[in-house]
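Below: the structure, in structure tokens.
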Amino acid sequence: MTGVQLLVLAKAPVPGRVKTRLCPPYTAAQASRLAAAALDDTLDAVLATDVARRVLVLAGALDGVPAGLDVQPQRGEGLAERIAAAFDDAWAALPVPLLLVGMDTPQLTAAELGAAAGALLEPAVDAVLGAAADGGWWALGLRRPDPGLLLGVPMSTAHTGRVQLARLVGAGLRVHELPELVDVDTAADARRVAAAAPGSRFAALVDRFDTSVGAA
């Protein structure tokens, strides 16, 4: 077991509140089901990863949280604040290095998560960062939390990843960059991710919903 906490930042999949950029072509109900499937696939990978602690950092309420996950509520106003708080709260519970991912990369595997966690424990590494194809990031790992590494970084933009990397490097941290992944924002993203994870719940739903709406 590696001495890393693995955090998943997630929203409860409520129609009209999650994955709204998938609509159209999908309905709000379909988008919420895709979000739920993405979260379930992500949690499967997390539960299969050998780490010290697994934490679901949740906005809203979720029925049937799988055994093996601690649930930690999100707090803070903007996304940067909520991520910084997630690191701080998890560290308060267990002061070991932390790796945070979202619920938008259901193609993630336990092997990829294990490799990221292992990289974070390398002596010459202070942080890990996984860039997303849209310019954001899909994973951030820190040896110890520091809100100054996050607060003020513009989130959900085409340059979030570059700014975050610059913030880490500017703080003197040695950063290991993880492979780039596609995260799910649009229907085109959903189809790319589904193709990368053909056996996933997410891919099965994309296929079913595209059959009903007619994929562009």
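Values for this structure:
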quantity: Debye equation applied to the C-alpha atoms of the stretch 8-61, log10 I(q)/I(0) at 0.29 Å⁻¹; calculated: -1.10
quantity: Overall form of the stretch 37-126 per C-alpha gyration tensor (a/c, 1.5; a/b vs b/c); calculated: oblate
quantity: Length gained when the stretch ALA67-LEU47 is fully extended (0.36 nm per residue, less Cα-Cα span); calculated: 6.3 nm
quantity: Matching label, volume of the Cα convex hull per residue in Å³ computed from the structure shown, candidates (i) 124; (ii) 145; (iii) 110; calculated: (iii)
quantity: Positive-end extreme of charge dipole, the stretch 31-157 - chosen from THR157, ALA92, ALA45 (charges on Cβ); calculated: ALA92
quantity: When the stretch 91-154 is reduced to its Cα atoms, the Kirkwood hydrodynamic radius in Å; calculated: 12.8 Å
quantity: Computed [θ] at 222 nm, helices only, for the chain once each DSSP H run of length n ≥ 4 contributes -39500 (n - 2.57); calculated: -12000 deg cm²/dmol
quantity: Largest to smallest accessible area among LYS19, LYS11 [probe 1.4 Å]; calculated: LYS11, LYS19
quantity: Volume per residue of the C-alpha convex hull in the stretch 146-216, rounded to whole Å³; calculated: 124 Å³
quantity: Heavy atoms of SER156: accessible area, 1.4 Å probe, square angstrom to 10; calculated: 110 Å²
quantity: Relative compactness, the stretch 41-82, computed as alpha-carbon Rg over 2.2 N^0.38 Å; calculated: 1.27
quantity: Surface/4 of the Cα convex hull for the stretch 59-176, nm²; calculated: 7.7 nm²
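The values are calculated or read from the model by the stated rules, or taken from the named source; none is laboratory data. Fair warning: this is a prediction, and the values are worked out from it, not measured in the lab. All Cβ positions, glycine included, derive from the backbone under ideal geometry; neighbour counts span all protein chains shown. For the accessible areas, the whole protein counts, side chains as well, though only heavy atoms, and no ligand, DNA or RNA atoms are used. Shrake-Rupley method; radii C 1.70, N 1.55, O 1.52, S 1.80 Å.
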